[in-house]
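Please read the structure below before turning to the comments.
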Amino acid sequence: SAVISQKPSRDICQRGTSLTIQCQVDSQVTMMFWYRQQPGQSLTLIATANQGSEATYESGFVIDKFPISRPNLTFSTLTVSNMSPEDSSIYLCSVSIASEQYFGPGTRLTVT
Amino acid sequence: AQSVAQPEDQVNVAEGNPLTVKCTYSVSGNPYLFWYVQYPNRGLQFLLKYITGDNLVKGSYGFEAEFNKSQTSFHLKKPSALVSDSALYFCAVRDIANSGGYQKVTFGTGTKLQVIP
């Protein structure tokens, strides 16, 4: 199993600013995943982060908007850059261990 | 490409009655299938999974799901619903063919379960 923590748990940000979300896992994992859940919608994969290499982004997501760091096997950050109200979502960090997918508690972002 | 469909946005059921939340999937190979639950203002919680073996999978909180390969379905069930089961339920799939290098999980749109007292 895995225990995942995220910081901050929630934030209210102004348009045009950036927010960095941290994700910490209690065990070493090869891949970490970042998802977005917009209000009333399902989870959408933003990118997959491998330690030591650049993240792989899904269609519709770009590195300039959502830069990701993966400095070691237990930690990752996702930055939401130049925010607009459309970025208001819950952002979730996730890892896969032994065919199970574990999720962090999420970061609830509101952009005003 | 892999996909998941949850045809019902909301399911209403009376407390004590059996419940079913539907899910169908599409993958090129064999699937890993999952159900998650999300309570208001809380993160996703894992309920159960199907990898291989018995088609009937039992999970947390008395939930179970039946894998039906011919119908490509993985419906979530519970014999007797509780008011506390009211939440948002997500079905998810991962294609085993992709599991070696890229463990992408695709989620359905979610089904809101409302258990009426």
Highest GNM mean-square fluctuation among A:S76, A:S89, A:S53, for chain A with Cα springs under 10 Å, belongs to A:S53
Just to be sure I understand: with springs between alpha-carbon atoms less than 10 Å apart, which residue in B:P31, B:P40, B:P18 has the highest mean-square fluctuation in the Gaussian network model of chain B?
B:P40
To check you understand DSSP bridge types, tell me what percent of the beta bridges within the protein assembly as shown (both residues inside) are antiparallel, rounded to 5.
90
Given a Förster distance of 22 Å, report the FRET efficiency between A:S69 and A:Q41 from their Cβ-Cβ distance, rounded to the nearest 0.05.
0.25
Zone residues, segment B:63-92, relative to B:I116, backbone N less than 18 Å from point 7 Å out along Cα-to-Cβ:
B:80-87
Per residue of A:96-103, other chain Cβ atoms within 10 Å number on average 5
For chains A and B, what's the summed buried accessible area, probe 1.4 Å, to the nearest 100 square angstrom?
1700
Among the listed pairs B:K58/B:K112; B:K78/B:K104; A:K7/B:K77; A:K7/B:K58; A:K7/B:K22, which are separated by more than 23 Å between their Cα atoms?
B:K78/B:K104; A:K7/B:K77; A:K7/B:K58; A:K7/B:K22
Over chain A, what relative contact order in percent results from Cα pairs under 8 Å that are six or more residues apart?
38
Other protein chain Cβ atoms within 10 Å, averaged over every residue that makes up B:27-39
1
If I compute solvent accessible area with a 1.4 Å probe over the protein chains, what percent of it on chain B is carbon and sulfur?
49
Which residues' amide hydrogens lie under 5 Å from the amide hydrogen of A:S88, considering only partners 5 or more residues apart or on another chain, with H built in the peptide plane?
A:V111
I want the local charge near B:A87. Using Cβ-Cβ distances under 11 Å, sum +1 for each Lys or Arg and -1 for each Asp or Glu among the other residues.
+1
Accessible area of chain B divided out per residue, in Å², using a probe of 1.4 angstrom:
47
On the accessible surface of chain A, probed at 1.4 Å with all protein chains in place, carbon and sulfur together account for a percent value of 48
If I take every Cα pair under 8 Å that is 6 or more residues apart in chain B, average their sequence separation and divide by the length, what percent do I get for the relative contact order?
38
FRET efficiency for B:N68 and A:R15 from the Cβ-Cβ distance with R0 = 35 Å, rounded to 0.05, comes out at 0.15
Expressed as a percent, the portion of alpha-carbon pairs in chain A spaced more than 18 Å apart is 44
Kirkwood hydrodynamic radius (Cα pairs, Å) of the protein assembly as shown?
18.2
Quick one: Karplus J couplings for segment A:75-84, per residue in order, coefficients 6.51, -1.76, 1.60, θ = phi - 60°, nearest Hz, x for Gly and Pro?
9, 8, 10, 10, 10, 9, 9, 6, 5, 10
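The values are calculated or read from the model by the stated rules, or taken from the named source; none is laboratory data. Source: prediction; values computed, not measured. Don't worry about glycine lacking a Cβ; one is built from the backbone with ideal geometry, like all the others, and counts go over all protein chains shown. Just so you know, the surface numbers come from the protein's heavy atoms only, side chains and all, with ligands and any DNA or RNA stripped out. Shrake-Rupley method; radii C 1.70, N 1.55, O 1.52, S 1.80 Å.
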